[in-house]
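Bear in mind these aren't lab numbers, they're just calculated from the coordinates by the rules spelled out. Bear in mind the structure is a predicted one, so any value in this text is a computation, not a measurement. Methodologically, a virtual Cβ is constructed for each residue, glycine included, from the backbone with ideal geometry; neighbour enumeration extends over all protein chains shown.
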Amino acid sequence: MPMLKDMVVRLAAQDFVRSAMEERADLSAFRGRPSPRVLAGVFAIAASYLIGWPAVAVMGVVALKLDNPWIAAIGGPTTYGLSHLVFLLGMYLCGAKYSMIFLRWLTRVGMERLLAWADRSG
């Protein structure tokens, strides 16, 4: 356990983690109304999850029903690749600003819990 506690303390000393904790990073930037571009980005990210594995699974079932393995062999990877492109488009539209706000908040909350755990464990 002392080794884990040392790792948590060293992680807490990193500049990004320290600044997130000192500035009490929060999600207040999300209170405002999102722009149409951000909404389009979120929609594209959600759509990429529907295009991903569910569509590949449907192609596998269709390939079995039609007894044509080429549907799954070519269509599956193509569809999965398309889902990645749609996800990247969504991330581009949302921008890095909101991702960084969320990451800083998550870092602060996670480190607070890790430090509390390290204090309890001795």
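So between Phe16 and Leu66, what do we pick up on full extension, going 0.36 nm a residue minus the alpha carbon distance?
12.6 nm
How far, in degrees from 0 to 90, does helix 96-120 lean away from the longest principal axis of the Cα atoms of the chain, to the nearest 10?
Helix 96-120 sits roughly 50 degrees off the main axis of the chain.
Using unit Cβ charges (K, R positive; D, E negative) and no other charged atoms, how large, in debye to the nearest 20, is the dipole of region 2-120 about its Cα centre?
Charge dipole, region 2-120, about its Cα centre: 280 debye, nearest 20.
Which angle between 0 and 90 degrees, to the nearest 10, do you get for helix 69-94 versus the longest principal axis of the chain when only C-alpha atoms count?
40
List the GluC sites (Glu not before Pro) within region 13-122 that fall in a DSSP loop (any state other than H, G, I, E or B) and whose Cβ has at most 14 other Cβ atoms within 10 Å. Intermediate results must be reported in sequence, preceding the final value.
Working: sites: Glu22, Glu23, Glu112; in loops: Glu23.
Filter output for region 13-122: Glu23.
Which of Val38, Gln14, Met3 sits closest to the plus end of the dipole of region 1-47, meaning its Cα is farthest towards the positive end, when Lys and Arg get +1 and Asp and Glu get -1 on the C-beta?
Val38
Quick check: the angle from helix 53-65's long axis to the longest principal axis of the chain, C-alpha only, nearest 10 degrees?
That works out to roughly 30 degrees.
Order 4-14, 44-54 from most to least packed using the mean count of other Cβ atoms within 10 Å. Intermediate values should be presented prior to the final figure.
Numbers: 4-14: 12.9, 44-54: 15.3.
Those peptides, ordered most packed to least, come out 44-54, 4-14.
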